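The structure under discussion appears below in the form of structure tokens.
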Amino acid sequence: MTDLETIREKLGTSEPWVESRGTHWLNPGAAGVRQVAAVMNEAHARFVTITAYQLPGAEGFRLEYHWDLEGRLLGLPFTIAGNAIDSIFDLSEAADWIEREIHEEYSLEFTGRECAPLLLRKGDESGVNLREIAAAKPAPAAQAQKEVAQ
Amino acid sequence: MSYRIPMGPYHPGLEEPYKLDMICEGETVQDAELNIGFNFRGIEHLAETRNYYQVIALMERVCGICSFIHTLTLCQAMEKLAGLEAPPRAKYIRVVMAELERLHSHVLWAGIAAKLMGFKTMFMTCFALREKVMDVLQAISGNRVNYSMNRVGGVNRDVEDPLALLPLIDELEREMTRTVIPIFTTSSTAASRCAGIGVLTPEKARSCAVVGPMARASGINQDLRRDAPYAAYEEMKFDVHVQPAGDVKARLLVRALEIMESCKILRQALTSMPPGEVSVGGDKFAFVTGTATSRVEAPRGEVMYSVSWKEGSRNPARVHVRTPTYANMPAVRWMVRGARLADTPLIQASIDPCYSCTDR
């Protein structure tokens, strides 16, 4: 059984693991996402997913990377100011589709790989921020209310 | 000379739209490319525009087979944010519904697999069995597809007489033991069509991070019901079946054995269901700011929800869903390599794909 502390030591981060609402969280500190993926491979952790959040204004994005280690869900968050982060596809092929999906939904670049389209796109445009395009339009219910009011 | 054969997005061998582009040499598949997203619905984004009641009804529609599992996973995450815990009886009811849904899914899959093998009488037998499972689901929930059973803090409906459901479980198990399992495990038709095809090695299964019966049929011993128990699974006794071969036959065997385990779990849950209320928390909920995750072992494998909320809001700030087919589907590329073209519909069906989930 791999000890969570061993993972923390390998990543060289001083902050402890914190268990919160179903996930063991670790702030990766100075460790990059590729270093985290390599350490998770050594620990035989199973890649689960990446959850992307677009931060308000121009603050960038928060990406939460999840792995499963013998039934424990691990979460390592990365905040990025721009619109690019290293790809881990070559280290974990299971990250392929979710990286491509995030690229297509948020126009986020995963450096070090080509993102073949998954078809989540606006017309022929791939890699545009679908979320921002959708946010610019009123929700169908709000639109219907507006039309009724008029 | 190599040539390209597209299978899908509309094809008699596929029940739902996706595209498998295969590069063949003669009758042998050399490589394949997968395309999804033909019916992408943007449900995650839509969830942010729905309040805490509406979002449950919305997420129930992510999948037509695992509708209960999706609301269970969502409600468990929301309960963590609301500081609630479902009462013991609700947890047992959740186990009953989840296992009935597993039976429904596995029996449905067995029917479709039989059809793809050219074994149409078996298809009819499996679908007749599936009807019996749906009858039980309807008896409990009043519905056949979207059950509306889960709510934040428990379940919406009680199982008034759990012991009355036992004869239905016995009958289902008897049919499985007498008919379905012997035919799938001993008939020459099933063996010749399933053994040694669509192999996913344990190494590749780990590398692709596949989940559920697909992982267990490639020798990976993982099951969230045992490894990270939720609802009342900690109190259930059951075995996790693992097959090392990684071929279509191994996937067939794992699911057949899991049907028997589901019957075992159902019997335990129905006979030892504790008395008491089925929900807590009333009708109005206050969620704290933060993120909660929840994972459930769906019939096809692990489902994960990550739910974020801002205090005071009626709507979630973000709902991210990772479905099992999303994890399993990319491995099809490795499973069809070297396979005969004629075997590819059965190979892709052997993962029990759900594009409704994938194109959420």
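The values are calculated or read from the model by the stated rules, or taken from the named source; none is laboratory data. Quick caveat, the model's predicted, so the values are computed rather than measured. Here Cβ is always computed from backbone atoms with ideal geometry, including for glycine, and neighbour counts include all displayed protein chains.
Structure notes:
- Residue among B:Thr201, B:Thr185, B:Thr189 that alone is modelled with pLDDT of 90 or more, hydroxyl-bearing (Ser, Thr, Tyr) and at negative phi: B:Thr201
- Residue match in segment B:338-357 (condition: within 23 Å of B:Lys80 (Cβ to Cβ) and touching a Ser or Thr at 6+ places or on another chain (Cβ under 7 Å)): yes
- Whichever residue in segment B:21-52 is away from chain A (no Cβ under 14 Å) and of a type in the set (Ser, Thr, Tyr) and, among such residues, is nearest to the chain's Cα centre (by Cα): B:Tyr52
- Filter result (more than 9 Å from chain A (Cβ to nearest Cβ), in contact (Cβ under 8 Å) with a residue 60 or more places away in the chain and in contact with a Gly (Cβ under 6 Å, 6 or more places away or on another chain)) within segment B:204-227: B:Gly212
- Within segment A:55-81, the set of residues being touching a residue at least 40 places away in the same chain (Cβ under 8 Å), in contact with a Lys or Arg (Cβ under 7 Å, 6 or more places away or on another chain) and surrounded by fewer than 18 Cβ atoms within 10 Å (Cβ to Cβ) comprises just one member, A:Pro77.
For (1) within 14 Å of chain A (Cβ to nearest Cβ); (2) in contact (Cβ under 8 Å) with a residue 12 or more places away in the chain; (3) among the aromatic types (Phe, Trp, Tyr), each residue gets a yes or a no:
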| site | (1), (2), (3) |
| --- | --- |
| B:Arg255 | no, yes, no |
| B:Phe285 | no, yes, yes |
| B:Thr293 | yes, yes, no |
| B:Gly301 | yes, yes, no |
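- Counted residues, segment B:100-124 - those being part of a helix (DSSP H, G or I) and either farther than 17 Å from B:Asn146 by Cα or among the basic types (Lys, Arg) (or both): 17
- Segment A:67-105, residues that are away from chain B (no Cβ under 11 Å) and among the aliphatic types (A, V, I, L, M): A:Leu76, A:Ile80, A:Ala81, A:Ala84, A:Ile85, A:Ile88
- Set B:Ala128, B:Ala139: member being among the aliphatic types (A, V, I, L, M), free of Cβ contacts under 8 Å to residues at least 12 places away in the same chain and surrounded by fewer than 17 Cβ atoms within 10 Å (Cβ to Cβ): B:Ala128
- Condition met for B:Phe238 (closer than 28 Å to B:Tyr92 by Cα, in contact with a helix residue (DSSP H, G or I) (Cβ under 6 Å, 6 or more places away or on another chain) and aromatic (Phe, Trp, Tyr)): yes
- Some residue of segment B:234-247 being more than 14 Å from chain A (Cβ to nearest Cβ), at pLDDT below 90 and either closer than 21 Å to B:Ile181 by Cα or within 19 Å of the chain's Cα centre (by Cα) (or both): no
- Residues located in segment A:28-48, provided they are within 14 Å of another protein chain (Cβ to nearest Cβ) and among the polar types (S, T, N, Q): A:Asn41
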